[in-house]
Amino acid sequence: MTPEMMTYAIAGLAFIAITGLGFAFAGGGGRGKQSKRLKSISDGSKNRVGDPAATARRKQMESTTKALRDREEAARLNRSVGRSIEDKIKQSGLNLTVPAFWIGSLVIGAVAAAGTFFVGGFNEGWQLLVPAGIGFAAAFGLPRWILGMAIGARQKKFIGQFADAIDVIVRGVKSGLPLNECLRMIARESPQPLGGEFQVVVDAIAMGVPIDQALHKMYQRTPIQEVNFFNIVLNIQQRAGGNLSEALGNLSTVLRSRKLLREKIKALSSEAKASALIIGSLPVIVMLLVYMTTPGYIMSLFVTDLGHLLLLIAAGLMGAGIYIMRSMINFNF
């Protein structure tokens, strides 16, 4: 072997030896750190298991969570809660009684049926079914639709104000104010409908109602998930303890993220909603254009029995199509 090859061989063996020593020390150190970390975790777990206060707090949180879960399951099974007309009127915030609602519904139905009977000319034989059906739909559909729109607008306004109210509670608790005083501050200074709902809660607490029951009543009046989250957080904190300001601060962050996601979904689904609006209004627009250009061509639908039947079938199919399109573009989250 030449001296040059010998030099290269010695250098290669030295490089391999140094690399092996490096891997050995690195691996040994890593295993030592890993074993130390596992030992510290194990000791910490033993300490937590042996700590009576931590064990009692964990059991209290588990029992509280289980009780809240059972109550939510019972409310889910009892589907009549929050679905009656009285509950919906409360959710809408309208100053209206149940008898007044039903009287108004009957009046709307009678006016719609009479207008169809006299103005539309559906006054012979089976044609009387048309004003009867329109009157029934107007009496039981139109008022509920208006009530649903009022509920949606009120809940949307409530959600827009709710995260700010939680921030008020967080700042108040950090400054040393009690929770009841923070709720009074929200009820006194917040706009409607948030201030009115918290005022009802404050009045109920002043009358001796527990805060969890008062918040559960508010959830029945405003059945949105944000209020349910707020109720759960306060229930767990009161029964199991913990940092209330930190928990409500995290809840405020979650609610703002949900609001941002809601707006993002609305923006992404706006194209589908516009397409559904165009498709739903296209038959009516075409019918009006045909009537304006060649009225004799389309008048047979309005003056013959077969045309009336075709119009009734078309209206039913259009209603079913609009309902299906609305279900496809309506995102519940």
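The values are calculated or read from the model by the stated rules, or taken from the named source; none is laboratory data. Model, not experiment: these values are computed from the prediction. All Cβ positions, glycine included, derive from the backbone under ideal geometry; neighbour counts span all protein chains shown.
For segment 210-232, the set of residues classified as outside any helix (DSSP H, G or I) and under 28 Å from residue 156 (Cβ atoms) consists of 222, 223, 224, listed by residue number. Among the residues of segment 197-211, those identified as more than 22 Å from residue 150 (Cβ to Cβ) and surrounded by 17 or more Cβ atoms within 10 Å (Cβ to Cβ) are 202, 204, 205, 211. Against the test of being in a helix (DSSP H, G or I), within 24 Å of the chain's Cα centre (by Cα) and outside the structural domain of residue 244 (by TED's automatic domain parsing), the options 90, 156 yield a single qualifying residue, 90.
The helices (runs of 4 or more DSSP H) located wholly in segment 233-333 that include 1 or more residues which are in contact with an Asp or Glu (Cβ under 8 Å, 6 or more places away or on another chain) occupy 244-268. Of the residues making up segment 151-191, those that are β-branched (Val, Ile, Thr) and closer than 27 Å to residue 85 by Cβ are 151, 159.
Filtering segment 159-192 to residues that are buried (at least 19 other Cβ atoms within 10 Å of the Cβ) and assigned to a loop (DSSP other than H, G, I, E, B) leaves only 190.
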